[in-house]
Amino acid sequence: MRAVKGSAGFTLVEVLIALAITAFISAIAYSSLSSALQAVESIRVTAQRTYEVDRAWMIISRDLQQFVARPVRDEFGEVEPALQGGAAARFPLSFTRTGWHNPTANQRSSLQRINYRLEDGALWRDTYSVLDRAPDSAPRQVRLLENVEVLELVFLGSLAEAEPEGRGIALDTRGWQGSWVTDTSTPNTELAPPVALEFRLQLEDLGEMRRIYALPPL
């Protein structure tokens, strides 16, 4: 009788080697995929943050470019200057702006009172539906930008006080006033607006950012 020869197969060592190679390749592929996904997420987060910061500066710029010298009365009946702010003021920045669109033709002014303030690590923008407020007038509050550590403003009283920084065209703002408020020693005196101000933000992730705005009319 002829003996039947058994078919050849993989040895245990060969199977283990194949499994090890497969696991190694899978680990490399997973690591590469994970790195790619992390890079995509990082780009998305950075792009979103950049959009939020740019949007906040755009809104601030639009508001200040539409500044109008119109004082108002607060909810306590006291006169607020057309613009006030700084360390000694109630809000870091408070002013009146024009250009408040009225697409539904409501019976209201085209002027609007704006407050900028820092609270809970965020930059807030408050707006009022009326200029001269009543005791129950409440602002519409919008959280404009997250992760803000510091909000600071300085003010330039006149062009004669403007000093260049070095030989460039940048302005040296170190001597600008830290507050723009009514002088209590001269009551019933209207506070004229500054000719320019510098808006400073310290962000947790992006550091310090500054913008200088000339107020109309210059």
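The values are calculated or read from the model by the stated rules, or taken from the named source; none is laboratory data. Note that the structure is a prediction, hence the values are computed from the model and not measured. Ideal geometry is used to build each Cβ from the backbone, glycine not excepted, and the neighbour counts take in all protein chains shown.
Of note:
- Figure legend. Inter-residue proximity from region 119-142: first residues over 20 Å from LEU203 (Cβ atoms) and touching a residue at least 40 places away in the same chain (Cβ under 8 Å), second residues surrounded by 15 or more Cβ atoms within 10 Å (Cβ to Cβ) and of a type in the set (Asp, Glu), beta-carbon distance below 6 Å, spacing 6+ or different chains. Indicated pairs: ARG133/ASP74.
- Subset of region 192-218 that is at pLDDT 90 or above and in a loop (DSSP other than H, G, I, E, B) - its residue that is nearest to ASP54 (Cα to Cα): LEU206
- Residue within region 150-173 that is touching a helix residue (DSSP H, G or I) at 6+ places or on another chain (Cβ under 9 Å) and either without any contact (Cβ under 8 Å) to a residue 12 or more places away in the chain or surrounded by 14 or more Cβ atoms within 10 Å (Cβ to Cβ) (or both) present: no
- Residue within region 57-67 that is small (Gly, Ala, Ser) and within 30 Å of ASN188 (Cβ to Cβ) present: no
- Candidates LEU153, LEU159: the one that is within 16 Å of LEU197 (Cβ to Cβ) and at pLDDT below 90 is LEU159.
- Qualifying residue in region 10-23 (condition: modelled with pLDDT under 90 and not in a helix (DSSP H, G or I)): yes
- Candidate set: region 40-67, residues that are at pLDDT 95 or above and among the aliphatic types (A, V, I, L, M); chosen: the one farthest from TYR128 (Cα to Cα): VAL53
- The single residue among ALA105, ALA29, ALA20, ALA36 that is without any contact (Cβ under 8 Å) to a residue 24 or more places away in the chain, over 30 Å from LEU123 (Cβ atoms) and exposed (fewer than 10 other Cβ atoms within 10 Å of the Cβ) turns out to be ALA105.
- Those strands (runs of 3 or more DSSP E) of region 105-171 in which 2 or more residues are touching a strand residue (DSSP E or B) at 6+ places or on another chain (Cβ under 6 Å) and of a type in the set (Ser, Thr, Tyr) are absent.
- None of LEU37, LEU93, LEU19, LEU111 is over 20 Å from the mean Cα position of the chain (by Cα) and within 28 Å of LEU203 (Cβ to Cβ) except LEU37.
- Positions within region 96-108 being within 25 Å of the chain's Cα centre (by Cα) and on the phi < 0 side of the Ramachandran plot, in sequence order: THR96, ARG97, THR98, TRP100, HIS101
- Scanning region 74-95 for residues that are touching a residue at least 24 places away in the same chain (Cβ under 8 Å), surrounded by 15 or more Cβ atoms within 10 Å (Cβ to Cβ) and either assigned to a helix (DSSP H, G or I) or of a type outside the set (Asp, Glu) (or both) returns PRO81, ALA82, LEU83, GLN84, GLY85, GLY86, ALA89, PHE91, PRO92, LEU93, PHE95.
- Entry remark, region 108-126: residues being surrounded by fewer than 16 Cβ atoms within 10 Å (Cβ to Cβ) and of a type in the set (A, V, I, L, M) number 1 in total.
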